[in-house]
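Report on one structure; see the data block that follows.
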Amino acid sequence: MEDVVLRGRLRDDALRRIVLGVDWPAEVPAGGAAEAVVLRDLPGEPVERLRFYGEGNGWTPRMTTLDDNGAPAVLWAGDADMERDWSLERWQRENGALEREAAAEAMAFFGRIDTGELRFRLPTIRVRVWSRIVAASNPVPRDLRADLHRDRVEVLRSHTPYTHFFRVEQTELRHPLFDGNPGAPVTRAAFVLGDAATVLPYDPVRDRVMIVEQFRFGPMMRGDPYPWCLEPIAGRLDPGETPETAIRREAQEEAGLVLDALHRVATCYPSPGAVSEYLTIFVGIADLPDSAQGTGGAPDEHEDIRAHVISFDRLMALLDTGEADNAPLLISALWLQRERAKGRFA
């Protein structure tokens with residue numbers, strides 16, 4: 001049995017239940033209502049669950065005392081949670097929903113992976129959770145589509161055969177038909193990814209664009225003999241990021257490029273039959289001298305990216321020959337062709 005002091009986000013009742021696996025009673029230390037809660041005589045498995053979650057988040061347990069008699073206890077909190085101006089109320093408002101859902105997915109791995117592996121996976125877990133939060137809060141218009149909410153879909157059973165860089169969900173479900181009748185049970189599978197943004201940088205003064213080239217595993221698995229692809233700059237949205245913030249960051253990381261005005265081209269599912277990814281596609285105004293070409297990418301993400309600066313006419317020729325076969329690049333180029341013809345960038 002162990003006495004444990006929880007500070008910061010772990011004071012949240014719902015998160016504590018998710019992490020410990022039980023609704024463990026907590027007490028507030030005398031005069032410390034704003035600081036911590038105490039779990040007394042915590043048994044083995046909840047302690048191990050707490051250790052799995054804490055160390056997976058990169059926290060180090062610290063020894064503390066519970067009272068004037070010096071009774072020892074273990075303190076669990078992240079460094080940020082220990083800061084003087086840390087506020088549980090602010091955390092609930094800004095991060096609570098994200099962290100609770102991420103913790104639920106993370107704790108499903110308890111007993112299956114070690115804390116080092118959890119620490120590796122948590123960033124992508126949070127990216128996926130952030131995408132679900134954004135989707136729920138920003139539904140698209142339904143002027144033509146049927147008013148059928150996801151709550152009408154009955155999930156009969158679900159299985160997750162793979163979770164690492166992305167998550168694979170296989171689900172047996174039943175959804176209503178357009179004639180009003182319930183559909184028969186069907187099995188569907190999907191790759192669950194976080195949302196992403198792309199940008200095609202355009203220099204209206206020189207009438208040229210930047211596209212990037214990099215190795216892609218998907219074309220290789222299809223059997224494409226040349227799996228290096230021409231694309232716009234692209235990247236995933238980190239938790240809390242807007243598409244605009246994310247793509248400005250990616251332009252700097254991938255090509256050392258500072259974008260000026262961003263023009264939103266479209267938002268779309270690139271392959272809704274089996275992929276959850278949702279894209280926000282931009283054309284961004286930028287200064288593109290010859291020196292903007294080169295190689296780059298984030299080494300810690302094993303990125304090896306070559307940037308090409310080409311004329312607008314060359315871009316259109318790549319579409320005609322089929323060498324440009326990346327969907328966001330095609331959408332961006334055709335939008336630019338239309339808007340350029342209107343004199344938008346004159």
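Table for the structure above
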{"quantity": "Single residue of the stretch 29-68 satisfying the filter (among the acidic types (Asp, Glu) and either part of a loop (DSSP other than H, G, I, E, B) or under 18 Å from Arg112 (Cβ atoms) (or both)) that is modelled with the lowest pLDDT", "calculated": "Asp68"}
{"quantity": "Candidates Ala97, Ala104, Ala71 - the one that is among the aliphatic types (A, V, I, L, M), loosely packed, with under 14 Cβ neighbours inside 10 Å and in contact (Cβ under 8 Å) with a residue 12 or more places away in the chain", "calculated": "Ala71"}
{"quantity": "Subset of the stretch 258-276 [touching a helix residue (DSSP H, G or I) at 6+ places or on another chain (Cβ under 8 Å), within 17 Å of Arg236 (Cα to Cα) and part of a loop (DSSP other than H, G, I, E, B)]", "calculated": "Pro270, Ser276"}
{"quantity": "Residue among Arg126, Arg121 that alone is at pLDDT 95 or above and within 16 Å of the chain's Cα centre (by Cα)", "calculated": "Arg126"}
{"quantity": "Test: residue in the stretch 276-297 that is surrounded by fewer than 16 Cβ atoms within 10 Å (Cβ to Cβ), in contact (Cβ under 8 Å) with a residue 12 or more places away in the chain, among the hydrophobic types (A, V, I, L, M, F, W, C) and out of contact with any Pro (no Cβ under 8 Å at 6 or more places or on another chain)", "calculated": "no"}
{"quantity": "The lone exception for Gly180 - which of (1) of a type outside the set (S, T, N, Q); (2) surrounded by 10 or more Cβ atoms within 10 Å (Cβ to Cβ); (3) without any contact (Cβ under 8 Å) to a residue 40 or more places away in the chain it fails", "calculated": "(2)"}
{"quantity": "Scope the stretch 230-246; condition surrounded by fewer than 19 Cβ atoms within 10 Å (Cβ to Cβ) and farther than 22 Å from Ile125 by Cβ; matching residues", "calculated": "Leu230, Glu244"}
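The values are calculated or read from the model by the stated rules, or taken from the named source; none is laboratory data. No experiment lies behind these values; they were computed from the predicted model shown. Counting neighbours? That spans all protein chains shown, and the Cβs are built from the backbone with ideal geometry, glycine included.
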